[in-house]
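As structure tokens, the structure follows; a few thoughts come after it.
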Amino acid sequence: MAPHRALENIDVVSYILQYFGPDSDSGLSVFDDVDVFPRLGAGKQWRILSYCARTSKAFCGPATRLLWRELPLLVPLLSLGMRLSKSKGKFSYDMINESDNGTIIWYSTGGPAKKGLQRFSRFAALVRCIDIPEKEHIDPTVLFHLSLANPQGEPLLPMVEELWCRTSPFLDMIVMFLAGRSLRALTILAPGGWLLNYAAESDTRNAGAVRRLLGALPSKTPELRSLYVCDTSEVDLLDNDMSWVGGLRELRSLRLDCGWDGPFLVHLMPALATLDHLCDLALLLDDRLVAFETPRGFPQLRNLRLDGQSHDDFDGMDALAQIMSPIHLDRLEIVLAFVNTFTENHSLLDAFAGVYAHTLTSIHLSLSARMPRDSEFFPAPPVPFPAFYLLRPLLQLQGLQVIDIRYHRQMSLTDIDVRKLEEVWPSLRSLSLSWRVPNTAGSAPSFHCIVDFILSHPDLSVVHIPAVDIEGRSTRCGDVKAVPSGLAAGDDLDQRIPDPKKVAEVLRVMFPNISVDEFAAEVGSGKWGVVLSTLRDSNPTK
């Protein structure tokens, strides 16, 4: 029986097969948590695609391309070109491995045959994204033999656009053999346990390989758009030579979350300022940064993430604001930093927030308190810590839309604090505050005060705080079962409710277990009655 005419259209077939592809693109962001990076090719239905590739001529081409487009392993592709063997715990060159954990290493005792190389080249040209997992250990001489057999001198994966790998003593060799001018995204992650069992000298080898690779990127991969180096081990992967950064002229996204030798930002920021297309940047906070003039630096930078470390975290913020002042920064995220420099009237974030008062729309802070052993030089913050100390520097941000603050100890937020927020941030859409709830009376705002805050921000759709004050006691929002009495409906309240159903939706998300009975909903009048009725319609089931 002849196939349906639709199957003769390659676009139709390709569209059908996309349903068997990965769930989504890897699409890494500088704000992603390294521990939850998505798995490359997750959700791809490999077996179905392999069946489709062998079903008919109509399906063969599109299915084969989709099958090989993302590879979570390198060994299956390499085995097409040459015969691979595996052994435990030994490389073919001088490397000390004292591990006895049964590590499997793939190697070859000979070069590729002509037919094998042709087969390898055919499928290698289909690869667009590849992840070299930490448990897949390939003797780099395998790549060396395949490269020698390539008469054109092209990289082994001539069309690869995205590459994920782990730091190792031969990282530069692996990446340079595999990728070339087509590479658009490179992610370098920390290795797993197998490298941690190497002799101590492997640490310096890892750093040397990373530095050689970064130095070669401008000439080998001039079209690189995204570079992430995420290795939080104690090894200093990078040094003060940042000249390679200025050579990546097409770079859009950069994340350097790794060890540095010396005051790195002093050397890095001048090089970054010359990049015309850099939009997303993630760096470690460094209190040793010194301001310098950048008349046209960072023209496209919109998103900035700063990771704290064991320095005086926010000391470098003033210099950073001066360096990047004439830009349109949209989002700021600061994580793993200390709250000790935030007080009632001053913080080291004040000047930075003032510079971007008209541009910042999204603020994300994840903070903790400095350890007690440092209290001689850095006074311990009060317990519970006043949330308004963190919110006060943000009051000057006129276009703020999203606030997300996480504090890993006890914090307090009073009615007086919330009242100060009612007249600011007219465009606010989301307010999320997270902390450990203290038992102290008056450490949380009242239900009525939260309602007033919601009504004063008509665009607000999400409010998250951990607790509210119910009859003088801090109660977790998830434990609030009913609307407290005393909030009477009236003309004044109705005038302040812009959209009753939207207000009800905000309250439902904030208080998921709140329940409104029939009588309260019927007694309520005006717009507040609509709020109560809407809440009643979404009462939690028992």
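The values are calculated or read from the model by the stated rules, or taken from the named source; none is laboratory data. Worth saying up front: this structure is predicted, and the values here are computed from it rather than measured. Neighbour counts run over all protein chains shown; Cβ positions are idealised from the backbone, glycine included. Accessible surface areas use protein heavy atoms only, side chains included; no ligands, DNA or RNA. Shrake-Rupley method; radii C 1.70, N 1.55, O 1.52, S 1.80 Å.
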Selection from the stretch 180-206 of residues crowded, with 21+ Cβ neighbours inside 10 Å, more than 25 Å from Ala124 (Cβ to Cβ) and modelled with pLDDT of 75 or more yields Asn206
Out of curiosity, is Met269 among the aliphatic types (A, V, I, L, M) and more than 23 Å from the chain's Cα centre (by Cα)? no
Out of all the residues in the stretch 455-474, is one or more under 29 Å from Pro386 (Cβ atoms), open to solvent by less than 30 Å² (accessible area, probe 1.4 Å) and either over 37 Å from the mean Cα position of the chain (by Cα) or aromatic (Phe, Trp, Tyr) (or both)? no
For Leu213, state whether it is farther than 23 Å from Leu304 by Cα and open to solvent by less than 30 Å² (accessible area, probe 1.4 Å). yes
Those residues of the stretch 396-442 that are acidic (Asp, Glu) and closer than 17 Å to Glu333 by Cβ come to a total of 1
Could you count how many residues in the stretch 517-536 are open to solvent by less than 80 Å² (accessible area, probe 1.4 Å) and either at pLDDT 85 or above or not hydrophobic (A, V, I, L, M, F, W, C) (or both)? 12
Restricting attention to the stretch 149-175, the residues that are under 23 Å from Arg69 (Cα atoms) and either open to solvent by 40 Å² or more (accessible area, probe 1.4 Å) or assigned to a strand (DSSP E or B) (or both) number exactly 12
Please work out if Thr440 is over 15 Å from Glu505 (Cα atoms) and open to solvent by less than 30 Å² (accessible area, probe 1.4 Å). no
Matching residues, the stretch 149-179, being within 20 Å of Gly215 (Cβ to Cβ), of a type in the set (D, E, K, R) and at pLDDT below 90: Arg166
Looking only at the stretch 385-420, which residues are in contact with a Lys or Arg (Cβ under 9 Å, 6 or more places away or on another chain) and buried (at least 21 other Cβ atoms within 10 Å of the Cβ)? Phe385, Leu391, Arg392, Tyr407, Met411
List, please: which pairs have Cβ atoms under 6 Å, are six or more places apart or on different chains, and start with a residue in the stretch 124-148 that is without any contact (Cβ under 8 Å) to a residue 40 or more places away in the chain and outside any loop (DSSP other than H, G, I, E, B) and end with one that is hydroxyl-bearing (Ser, Thr, Tyr) and open to solvent by 10 Å² or more (accessible area, probe 1.4 Å)? none
Inside the stretch 116-138, the number of residues satisfying the requirement of being modelled with pLDDT of 85 or more and not hydrophobic (A, V, I, L, M, F, W, C) is 7
